[in-house]
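The values are calculated or read from the model by the stated rules, or taken from the named source; none is laboratory data. Keep in mind that what you see is a predicted model, and the values were worked out from it rather than measured. Backbone-built Cβ (ideal geometry, glycine too); neighbour counts: all protein chains shown. Just the protein is used for accessible areas: all its heavy atoms, side chains included, with ligands, DNA and RNA removed. Shrake-Rupley method; radii C 1.70, N 1.55, O 1.52, S 1.80 Å.
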Amino acid sequence: MSLPVPSIAELRETLRTLDGGGSREHPVLPFGLDLLDGRLADGGIRLDALHEMVGQGAGWGDDAAAVLFIAGIVARTTGPVLWAVRSRDLFAPGLYQAGLDPSRVLYAEARDDAELLAVMEDGLRHRGLAAVIGEAKRVAMASTRRLQLAAEGGRTVALLLKRPARDGDDPFTVPSAAVTRWRVASAPSLPVPWDGLGPACWRLQCIRQRGGDPFELNVEAPDEAGRLALPARLVDRPVAADRAPARAVG
Amino acid sequence: MRRIERRHAPSAEADSRALYEALGAEAAAERAQHCSVPKEGGWRPGARWARSDLAGSGLADTREEVEAAIGTMPHHQRPPQRELGRTSVAANNPFRKGLSRPPEERVAPPSPLRELSRRTEAAEPLFRPGTRGWMGEDLQSAIDALPAHQRPRSGELSRKSEVIDHPFRPMPSDEVKPSLAQRAALPPLQFPGEDAPAKAKRGAALRGEAKRDRYRNDAPPAPLSLARAAALPPVHGPGEDVLVRRAMKSPRRSARDGHGGEAGYIAPPSLAQLAAMPAVQFPGEGPHPDNHGKSAPTAPTYGQGRFFQTGRTLGSVVGRVCRDEGMPAEPLYVPPEEPPLVTARKTGSRVEVAAVNPAARALGLTPGIALTMARAQVPGLEVRDADPEGDAADLRRLAELLARRWAPCVAISDADGLFIDLTGVAHLHGGEARFARRLLRLLARRGVTARIAVADSAGAAWALARYGANGPVTLAQPGAQREAVSLLPVAALRLDGAALELLARLGVDRVGQLLAMPRAPLVRRFGQAIALRLDQALDDAPEPLDPVIPPAAIVVEQRFAEPIASPEAIEHWLGELMPRLCRALAEAGQGARAVELVAARVDGVPQRLHLGFARPTRNAAHLLRLALRRIEEIEPGYGIDAMALRVRRADPLAPESLAPALADETAPDLAPLVDTLANRIGMARLWRFAPVESDVPERSQTQVPALDPPAPQVPAMKPDDVRRLDAREPDHPWHPRWPRPARLLRRPEQIDHVIAELPDQPPRRFTWRGKSHRIVRAEGPERIAGEWWRRTAERLAVRDYFRVEDEAGDRFWLYRRGDGLRSETGDLRWFMHAR
């Protein structure tokens, strides 16, 4: 007995449900930067999907940059936010200065990765939050698939921050069902005419996105409302490497 | 003499050099011994000097060995005299209190006043008069061997011996005439403290002088003969026995002596003096028994002065003499150990006493007087705030308890009374009297004093309970309440204050007088209420009671014909029970806060599952989801016979609207989410951050619970409040003017190899976690000073924060301790606080 052969229409339907194809309308949060939104398949961050972020190196600074990137995205959504952590080292004033109000955020501390993912899933199934953020170290493909399934159909964006593992290998070697995967690295910022620091600069890499090509871009850190910006090009004088470093007088 | 000394001078030098070398040899030997003796050379278990062989095995047993060991020790390590007889004692606890406090808190506690006047005693007389005196290193080593508090001052070292007559020598006239032999046995010289120390040992009064110890030089005195005992005066007061009186006969001068007698013994005023003193006095009036016959109390230091606090006051004495009608006939029993306690409440601008306890009532305080007057009357009064809501809640709880088990109809009559309807109930308790007694016992077990009156009508019962004259239980005969009520004062009818005052002015005191008057003019004068009250008291008018209904617990139960054991069956029945429970909750108008699932197993071990919710809820789907998540905790065993869902805790919940989507976009309800998360990880791991007005970064955020309780009502400012002048909103504590990082290190880590110009330049390079960074751009310093009002240690501390960026673009937030100008603000170390 031969198995029934599915028709082309059924196959297309199956592909569409698997792919989340473009015919369906997804809620999207655009970044507001044409260079960035134009290169993203959805025109922004899809709000009913899972996205992964990671810092560049094994160090701490890029991890903080990834946190601020996430905070900037979430600041531009409206509604309560659930942030699942493994350890209590977040500094709320920093998130506030990226636009994320502390009264919106509910923090949950989980003991291990499995509990953290379960907490994220609970938040996604609640269907009333604006964003669910989790910081995990190692996430298997099946768990990301569950998160993606839980996120679909609602307006809650799931953002997974991969903390650097101790042995320092790339967290992106593990496959994942996330719609986009980002890597944030620090870049030298542009000097400012006054004695001080301008906004921080990042090298934002979209390693993989569903339905589009990877790309990278230099952006400035989010301002008080969580908006990213492109670094302004200095027309008059380029940064001279042999100059004495700019100093600040307090 | 001097010439001889000069000739011996070179030999003195040789001697000193020999001594010096000997000292050096000693030091070398001692270093070789690995001397581990502390400076005092005290004994502790395993001390090296006490061991016979210094290689360290076994302790020295005999005295000679010990002395030989001491002899071999250098002078400064020899233990003092008093250590030699000491048995082994544990060393000091290294973690004793007082060592771990910060330096500014190491202040000696204030010594009690009694200690300040006490003389310290020398343990061993250093200087015996008549000795040659010590010189040179003997003296120095002996002084060093003493503990610090016993070392003599420099002025004493050159003192010559003197003979002092010690003040404790007993007067020869009081002693039994010592025979010549006894007198010769007395040593010629005595030293202070040797005969009778300033501090008597324990039991000295009882022991008398019979026991000889090392403080005494005399032989024990002759025992008490009959003739001497007869000559002694009779016993004065309780507790005085012959020995004590004997000790008091000799005038001992002690530091606590006021007037030549032993401290503590003061002659009470004689009978004539007592008769001369009136009982009632005003301050400054004259001699008082409490002042020992004097007008004013003398200074209390030397044993004179107020001997007891009688607690007698004007108010109490007057109250005892003139008893007014409101007070009970016989004084209430005052338990002796209870202090007087009153509760106070604020009525208008006056703080008055709301309730008094029997001890306070015995002292003359009644409810209704001003608190200041009560405090003036009784100095040691305990005052607590009156809590009318708590009292009402307690009364309601008592009413519910009685309604469950004692009588079906229980109503609350007023703030401190209950009506119990005994129709058809009294025989169940064995009669009315028995019922009343059992109720009194129940209440007494709970610490409540009660008065119970049983009568035909509620009004009469109320009147008899409060104004009845006999005992705590009053039983009016079935038809005889008219006579019973007639004797009561008019306040026994529940009339308002104006009516009572008018009646008092008219001279109407008793209810009987009211009953005798014609009704019509009464009603015309006082209104309908008085007639109603009179009729209610006589059972002519009905008085319906509003009974208190005890709350019934909400339980839904399902029994099974056959025991179920499979998880699908349990899930199915949970799905059946939850909607039933929610319907029951809806009927009661409640939402569940805690629900317990009890699965009764075949073998009798019930499985319990507790579910808790942050907000009251009766959403069946939500409850079911939470219960199903934890269904694995139920072990069916051989099977489950019955499942019951009990509501353990419920709060009133208003009916919820069916279509919230029809209304405008409201904030999504986070309570179910919090419940779900709390049931998974616990409420302790859910929090929000709240800003704190503090510059110190670690303190500028605080964790608050996830679901905030309703904010307390902040009273609005009056229109002329001065705070209205400041119309500008204060800055948010996390204003972006002061940039902050996103993640903070748990503790600031020190960074090394920092090159920075002082006082206000950022570093040019540093090394952190092994990696070296060169700074390209920086901003700062932001000076954060310590909060002196929180901790005194922070008073001068200063941190200068810099935001720096290195060549690769990494940003760091680091600080330097200290402002660079003054050293007390910090030690100029650099720390990394955040990235």
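Numerical summary
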item: Residues within region B:424-451 that are of a type outside the set (A, V, I, L, M), open to solvent by 100 Å² or more (accessible area, probe 1.4 Å) and part of a helix (DSSP H, G or I), tallied; result: 6
item: Long-range neighbours under 6 Å by Cβ, at least six apart or interchain, first residue exposed (fewer than 14 other Cβ atoms within 10 Å of the Cβ) within region B:763-780, second of a type in the set (S, T, Y) and part of a strand (DSSP E or B); result: none
item: Filter result for the condition that a residue is within 14 Å of chain B (Cβ to nearest Cβ), in contact with a strand residue (DSSP E or B) (Cβ under 7 Å, 6 or more places away or on another chain) and under 24 Å from B:A621 (Cα atoms), over A:G134, A:G128, A:G154, A:G123; result: A:G123
item: Odd one out for A:S189 among (1) surrounded by 20 or more Cβ atoms within 10 Å (Cβ to Cβ); (2) assigned to a strand (DSSP E or B); result: (2)
item: Subset of region B:469-508 [of a type in the set (D, E, K, R) and closer than 30 Å to B:A433 by Cβ]; result: B:R482, B:E483, B:R494
item: Helices (runs of 4 or more DSSP H) wholly inside region B:313-401 containing at least 1 residues that are modelled with pLDDT of 85 or more; result: B:358-362, B:371-377
item: Residue among A:L90, A:L50 that is of a type outside the set (G, A, S), more than 10 Å from chain B (Cβ to nearest Cβ) and open to solvent by less than 40 Å² (accessible area, probe 1.4 Å); result: A:L50
item: Test: residue in region B:747-759 that is open to solvent by 20 Å² or more (accessible area, probe 1.4 Å) and within 7 Å of chain A (Cβ to nearest Cβ); result: no
item: Matching option when the condition is at pLDDT below 90 and buried (at least 18 other Cβ atoms within 10 Å of the Cβ), among B:R630, B:R618; result: B:R618
item: Counted residues, region A:153-173 - those being open to solvent by less than 70 Å² (accessible area, probe 1.4 Å) and under 17 Å from the mean Cα position of the chain (by Cα); result: 12
item: Where a residue in region B:813-835 is closer than 22 Å to B:H773 by Cβ and open to solvent by 30 Å² or more (accessible area, probe 1.4 Å) and its partner, wherever it lies, is part of a helix (DSSP H, G or I) and not β-branched (V, I, T), with Cβ under 6 Å and at least six apart; result: B:R835/A:G61; B:R835/A:A64
item: Filter result for B:D800 (part of a loop (DSSP other than H, G, I, E, B) and either within 11 Å of chain A (Cβ to nearest Cβ) or open to solvent by 20 Å² or more (accessible area, probe 1.4 Å) (or both)); result: no
